[in-house]
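The values are calculated or read from the model by the stated rules, or taken from the named source; none is laboratory data. Everything numeric in this text was worked out from a predicted model, so none of it was measured. We place every Cβ from the backbone using ideal geometry, glycine too, and count neighbours over all the protein chains shown.
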Amino acid sequence: MNRDFDYKKRIWELDFLRGFCILLMIIDHIFYDLAFIFQEEWFGGIEGEGLLYLITDFSRTVYFPSLARKIIRPIAVFLFIFISGISCSFSHSNIKRGIRLAVVALALTAVNFGLDFLMQQQDQLTIRFGILHLLASSILIFCLLKRLGKLAMVVIAILAIIFGTYYLYNPLETNISYMAILVKSTTNLYSADYFPILPFIGYFLIGAALGPLLYKHRTSLFPIDNLNRIRPVLFFGRNALIVYLIHQPVIYAILYLIGWIR
C-alpha cells in the first residue's frame, strides 16, 4: 500500500505511457543490433543457419521493412515527446533541468565519440543530436516561449511541425553542417540517434501548452486503486533517462555473451 501511495503522488498514466514508449524503444534497438551489427558479428555477413541466424534475418528482412514498425515508431516518438512536454509544464525549475539534461547529452556525445575513436571507426556510435539533445533544447526554448502564452505556443508548435515534417521528406539544401540540428538537411552531419529540433519541438510545445489544461489539479485523470500489475512499466517510465543511458550497453553485453556461448 505504501508503494502504491508513492505512485499516486505522481500522475501514473504519464509514467505508464512513458515507460511503454521506452520499452518499445528497447525492443526496436534490440532488433536493430541483431539485424545490422550482430548478424555480421556472428555470421560474418554470409548466410548462416540455426535459430540465431533466423532471428537476425527476421530482424533485417521482416521487422525493419514492416508496415507495423513504420506506423508504431512515429506514434511512440510523438507520444514520448508530447508527454515530456506535459511533464515540463509542471516543473518550476526548467532552466536547471534543461541545462542538466544538456550536460548529460553532451557527455553522451563525448563518450560515444571516444568509443568510435578507440574502436578505430568513424561515426558508428556518435550521437551528435539525439533525443536527449532535442529534449534539452526543447525545455530551454520552452522557457523562452512560455511568457507568450499557450495559444501563441500552440501556433508556433503547429508551424514547427508543418515545416519540419516537410523537410523530413525533402531535406533542406544547404552546405551549413550544423543546420541539421535545426532541420533535416542535405549536409553530412551524422548522428546515430537523430531528432532535429523541427518538427519534434512542436510535439513538445503542444504537450507543454496542454499540460496545465489537462492536469489543472496535477492529479491523475484515471484514478486506479491497484498499480501492481503495471508497476514494471511504471518503473521504466519513472527512470526513463537512466534506462536510456544504460540500455544499449546492457543489450550489447548480453548479445556479445550469447555470441560467445553459442
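Restricting the search to the stretch 93-145, which residues are of a type in the set (Ser, Thr, Tyr), surrounded by 13 or more Cβ atoms within 10 Å (Cβ to Cβ) and more than 15 Å from Tyr178 (Cβ to Cβ)? Reasoning before the result, please.
So in the stretch 93-145, the residues of a type in the set (Ser, Thr, Tyr) come out as 93, 109, 126, 137-138.
Filter once more, so that each one left must be surrounded by 13 or more Cβ atoms within 10 Å (Cβ to Cβ): 109, 126, 137-138.
Passing the criteria: only Ser138.
Could you pull out the residue among Ile246, Ile251, Ile258 that is hydrophobic (A, V, I, L, M, F, W, C) and buried (at least 16 other Cβ atoms within 10 Å of the Cβ)? It would help to see each step written out before you state the result.
Details: Ile246 fails: buried (at least 16 other Cβ atoms within 10 Å of the Cβ); Ile258 fails: buried (at least 16 other Cβ atoms within 10 Å of the Cβ).
Exactly one residue qualifies, and that residue is Ile251.
Mind telling me which of the residues Leu227, Leu132, Leu189 ends up being within 27 Å of Ala110 (Cα to Cα) and at pLDDT below 95?
Details: Leu227 fails: within 27 Å of Ala110 (Cα to Cα); Leu132 fails: at pLDDT below 95.
Selected residue: Leu189, the only one of Leu227, Leu132, Leu189 that is within 27 Å of Ala110 (Cα to Cα) and at pLDDT below 95.
It is to be established whether one or more residues within the stretch 210-227 are part of a helix (DSSP H, G or I) and of a type in the set (Val, Ile, Thr).
To start, the set of residues in the stretch 210-227 that are part of a helix (DSSP H, G or I) comprises 210-214.
Filter again for of a type in the set (Val, Ile, Thr), leaving none.
No, the stretch 210-227 contains no residue that is part of a helix (DSSP H, G or I) and of a type in the set (Val, Ile, Thr).
With the stretch 1-88 as the region, which helices (runs of 4 or more DSSP H) entirely inside it contain at least 2 residues that are at pLDDT 95 or above, under 23 Å from the mean Cα position of the chain (by Cα) and surrounded by 14 or more Cβ atoms within 10 Å (Cβ to Cβ)? Break it down into steps so the answer makes sense when it comes.
On the way: elements: 2-8, 12-33, 39-43, 51-58, 67-88.
So the answer is 12-33, 67-88.
Looking at the stretch 148-164, can you tell me whether even one residue there is among the basic types (Lys, Arg) and without any contact (Cβ under 8 Å) to a residue 24 or more places away in the chain? Talk me through it step by step, then tell me what you get.
Going residue by residue through the stretch 148-164, those that are among the basic types (Lys, Arg) are 150.
With the extra rule that they be without any contact (Cβ under 8 Å) to a residue 24 or more places away in the chain, the set shrinks to none.
Looking through the stretch 148-164, none of the residues is among the basic types (Lys, Arg) and without any contact (Cβ under 8 Å) to a residue 24 or more places away in the chain.
Select from the stretch 56-104 the residues that are of a type in the set (A, V, I, L, M) and free of Cβ contacts under 8 Å to residues at least 12 places away in the same chain and list them in ascending order. Even if it seems obvious, please write down each step before you answer.
Taking the stretch 56-104 as the starting set, the residues that turn out to be of a type in the set (A, V, I, L, M) are 62, 67-68, 71-72, 75-77, 79, 81, 83, 86, 95, 99, 101-104.
Val62, Leu67, Ala68, Ile71, Ile75, Val103, listed by residue number.
Which count do you get for residues in the stretch 118-132 that are within 15 Å of Asn188 (Cα to Cα) and either part of a loop (DSSP other than H, G, I, E, B) or acidic (Asp, Glu) (or both)?
Restricting attention to the stretch 118-132, the residues satisfying the condition of being within 15 Å of Asn188 (Cα to Cα) are 122-124, 126-129.
Pick out the ones that are also either part of a loop (DSSP other than H, G, I, E, B) or acidic (Asp, Glu) (or both) and you get 122-124, 126-128.
So the count comes out to 6.
Are there any pairs, at least 6 apart or on different chains, whose C-beta atoms fall under 7 Å, with the first in the stretch 111-124 and within 19 Å of Ile246 (Cα to Cα) and among the hydrophobic types (A, V, I, L, M, F, W, C) and the second modelled with pLDDT of 80 or more and surrounded by 14 or more Cβ atoms within 10 Å (Cβ to Cβ), and if so, which?
Pairs found: Phe113/Thr126; Leu115/Leu125.
Of all the residues that make up the stretch 176-209, how many are in contact (Cβ under 8 Å) with a residue 12 or more places away in the chain, more than 20 Å from the chain's Cα centre (by Cα) and either over 24 Å from Leu159 (Cα atoms) or in a loop (DSSP other than H, G, I, E, B) (or both)?
Of the residues in that region, 2 qualify.
Might you let me know whether the stretch 165-175 holds any residue that is touching a Gly at 6+ places or on another chain (Cβ under 6 Å) and either surrounded by 19 or more Cβ atoms within 10 Å (Cβ to Cβ) or touching a residue at least 12 places away in the same chain (Cβ under 8 Å) (or both)?
First pass over the stretch 165-175, keeping only residues touching a Gly at 6+ places or on another chain (Cβ under 6 Å): none.
Checking the stretch 165-175: not a single residue is touching a Gly at 6+ places or on another chain (Cβ under 6 Å) and either surrounded by 19 or more Cβ atoms within 10 Å (Cβ to Cβ) or touching a residue at least 12 places away in the same chain (Cβ under 8 Å) (or both).
Being closer than 30 Å to Asn226 by Cβ and among the basic types (Lys, Arg) narrows it down to one of Arg60, Arg10, Arg69, Arg73, so name that one. So that I can check it myself, show each step before the final result.
On the way: Arg60 fails: closer than 30 Å to Asn226 by Cβ; Arg69 fails: closer than 30 Å to Asn226 by Cβ; Arg73 fails: closer than 30 Å to Asn226 by Cβ.
Checking each option against the conditions leaves just Arg10.
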